[in-house]
């Protein structure tokens, strides 16, 4: 008798489980369709114009900004070279900018 009860409970669970899975699969398919459509609309309406506005802002800021070379002050604790850089002449950093990055002796190209 106990075996019959366990068998009937197992059959009920499997039939309810299949129905529940079918319903959840149908609901998730509709939800996925709506979610992908929503994200697609948000991408075109919010993200792309936001990127365009940021690019325009940076371009306008770049146009009005003029870099002036800072005054070279030979502080003893700055630009210490205990070991040569492994590229070039060993004195320039990897992303060296002649106008903004000073060498231990001063800026390049200035005879002061």
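For this structure, a couple of remarks:
- Stretching the chain fully between residue 67 and residue 83 yields a gain of 2.7 nm (0.36 nm per residue, less the alpha carbon separation).
- Applying 0.36 nm per residue to the separation of residue 100 and residue 38 and subtracting their alpha-carbon distance, the gain on full extension is 17.7 nm.
- Fewest neighbouring Cβ atoms within 10 Å first, the residues 82, 38 line up as 82, 38.
A short reminder: the numbers here are calculations on the coordinates, not readings from a lab. Everything numeric here is computed off the predicted structure, so don't read it as measured data. Reconstructed Cβ throughout: ideal geometry from the backbone, glycine too, with neighbour counts over all protein chains shown.
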